[in-house]
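A short write-up of the structure that comes next.
The values are calculated or read from the model by the stated rules, or taken from the named source; none is laboratory data. Worth saying up front: this structure is predicted, and the values here are computed from it rather than measured. So basically every Cβ, Gly included, is an ideal-geometry build from the backbone, and we count neighbours across all protein chains shown. Ligands, DNA and RNA are excluded from the accessible area calculation, which covers all protein heavy atoms including side chains. Shrake-Rupley method; radii C 1.70, N 1.55, O 1.52, S 1.80 Å.
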Amino acid sequence: MFRLEPRTSAPLLWQVATPVLAVLATMLVGGALFAAMGFDPLAAIRTIFWDPLFGPAAGYSRPQLLVKAGPLILIACGLALGFRAGIWNIGAEGQYIIGAICGAAVALAAYPLDAFWIFPAMILAGAAGGWAWGMIPALLRNWFGASEILVSLMLVYVAQKVAAWMAFGPMKNPEGFNFPGSRNLQQYEAASNPDLIAGSGLHWGGVAAVLALAATWFVMSRHVLGFHIRTAGAAPRAARFAGVRPERLVALCLGVSGALAGLAGLFEVAGPAGQITESFGSGYGFTAIIVAFLGRLHPLGILLAGLLMALTYIGGELAQMMLNLPAATVQVFQGMLLFFLLGFDILTRYRIRRRA
């Protein structure tokens, strides 16, 4: 018989090793899943993790790595601040959608005006929309004690319905032959978000992700706010004695994470997605939760985890085309990664002892 004995402190070795073990376990179990479905497990793993970087289609896949990683990293930076403080924003996907809608609304209201201020105004509107959507669970928690987990998650479905309404109603393209969806912002130069270097996949969303990583590192390691966040997450009662006001911290963390998710949505709708549709929303808000935890809530870890999860997106698309792998399999693969990460994370807080 064995038992779990709490550790006095989390060893650095296990903090670094658990994400690696989680990735390896996901590959092994994922390979077994592919084999059970009748696919070659080695070919599937190679297609997902190797071919996007070094395969025949790598010329297309490598730039897509930055396109996919940018919003994941941007959203995960905001989530990491809240998670460190014990504030759980599970609804970043909804804030991502609302940010895209608000940013696109500015562009469509200005169409066909060609002015330099349109894209900066879209950025501000996207951040404000995501912030406002994130403040709803913050205010409900502060005023009524509602769970920010449930409220933020339920607001995702509200945001999806708002996007569908916009695509069929107020934002519907009058020149779109009655098809749902807004105008394509990629074709509106003043509102588009093209590659900064042609063919690189790097647009303003990638730049914002890098800035968010730097800001997260500075706040968490060099600013008193980072001390308040860490203290509130580790010892809430001690944080009160240190002068931390929980209500303000809740509003700050949920507001900032909502704003960054809204920015990610804006950069996506002005760039790769191009328009608001009834199904706008790619699941980045949920995948960013995995990115934040896989990166140990640290900026460097978030950067590496964001690139890894972007790789699974691109590799999954290749596997669908080349191996006819079902699309849902990639989502199961990502879910297994979070499952194993949480499972192995027990080893950072407990040691296994043999019961006498």
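All told, A264 falls short of being without any contact (Cβ under 8 Å) to a residue 40 or more places away in the chain, open to solvent by less than 10 Å² (accessible area, probe 1.4 Å) and part of a helix (DSSP H, G or I).
Being surrounded by 22 or more Cβ atoms within 10 Å (Cβ to Cβ), among the charged types (D, E, K, R) and in contact (Cβ under 8 Å) with a residue 40 or more places away in the chain: is that true of E278 here? Walk me through how you get there before you give the answer.
On the way: surrounded by 22 or more Cβ atoms within 10 Å (Cβ to Cβ): no; among the charged types (D, E, K, R): yes; in contact (Cβ under 8 Å) with a residue 40 or more places away in the chain: yes.
So E278 does not fit the description; no.
Considering the conditions (1) among the small types (G, A, S); (2) surrounded by 20 or more Cβ atoms within 10 Å (Cβ to Cβ); (3) within 21 Å of A35 (Cα to Cα), A327 is excluded by exactly one of them, (2).
Among helices (runs of 4 or more DSSP H) entirely within the stretch 105-222, having at least 1 residues that are of a type in the set (D, E) singles out 148-168.
The requirement of being under 26 Å from the mean Cα position of the chain (by Cα) and either small (G, A, S) or at pLDDT 90 or above (or both) is satisfied by A69. Does L342 satisfy the criteria of being out of contact with any Phe, Trp or Tyr (no Cβ under 6 Å at 6 or more places or on another chain), open to solvent by 40 Å² or more (accessible area, probe 1.4 Å) and either closer than 30 Å to W131 by Cβ or among the hydrophobic types (A, V, I, L, M, F, W, C) (or both)? Yes: the conditions hold for L342.
Across the stretch 3-33, the qualifying residues are those that are of a type in the set (G, A, S) and outside any loop (DSSP other than H, G, I, E, B), and the one among them that is surrounded by the fewest Cβ atoms within 10 Å (Cβ to Cβ) is A32.
For the stretch 230-239, the condition holds for at least one residue, the condition being that it is modelled with pLDDT under 90, touching a His at 6+ places or on another chain (Cβ under 9 Å) and over 18 Å from G274 (Cβ atoms). Here G301 fulfils each of the conditions (1) more than 17 Å from A212 (Cβ to Cβ); (2) open to solvent by 10 Å² or more (accessible area, probe 1.4 Å); (3) of a type outside the set (V, I, T) apart from (1).
Residue selection: L113 fails the criterion of being surrounded by fewer than 17 Cβ atoms within 10 Å (Cβ to Cβ) and either without any contact (Cβ under 8 Å) to a residue 24 or more places away in the chain or in contact with a His (Cβ under 7 Å, 6 or more places away or on another chain) (or both). Taken over the stretch 12-33, the criterion of being farther than 14 Å from G295 by Cα and touching a Leu at 6+ places or on another chain (Cβ under 8 Å) is satisfied by T26, G31.
When residues in the stretch 171-197 are screened for being farther than 21 Å from F116 by Cβ and loosely packed, with under 12 Cβ neighbours inside 10 Å, 5 of them pass.
Right, R248: over 30 Å from G176 (Cβ atoms) and outside any helix (DSSP H, G or I) or not? Considered against the rule, which asks whether it is over 30 Å from G176 (Cβ atoms) and outside any helix (DSSP H, G or I), R248 comes out as no. For the structure I just gave you, tell me whether A125 is open to solvent by 10 Å² or more (accessible area, probe 1.4 Å), free of Cβ contacts under 8 Å to residues at least 24 places away in the same chain and in contact with a Leu (Cβ under 8 Å, 6 or more places away or on another chain). No.
Any idea how many residues of the stretch 204-233 are hydrophobic (A, V, I, L, M, F, W, C), more than 16 Å from H298 (Cα to Cα) and surrounded by 22 or more Cβ atoms within 10 Å (Cβ to Cβ)?
Our first condition is that a residue be hydrophobic (A, V, I, L, M, F, W, C); within the stretch 204-233, this holds for 204, 207-215, 217-220, 224-225, 227, 229, 232.
Then drop every residue that is not more than 16 Å from H298 (Cα to Cα), which leaves 204, 207-208, 224, 232.
Next cut, surrounded by 22 or more Cβ atoms within 10 Å (Cβ to Cβ) only: 208, 232.
Number of matching residues: 2.
The residues in the stretch 54-66 that are open to solvent by 50 Å² or more (accessible area, probe 1.4 Å) and part of a helix (DSSP H, G or I) can be counted, and the count is 5.
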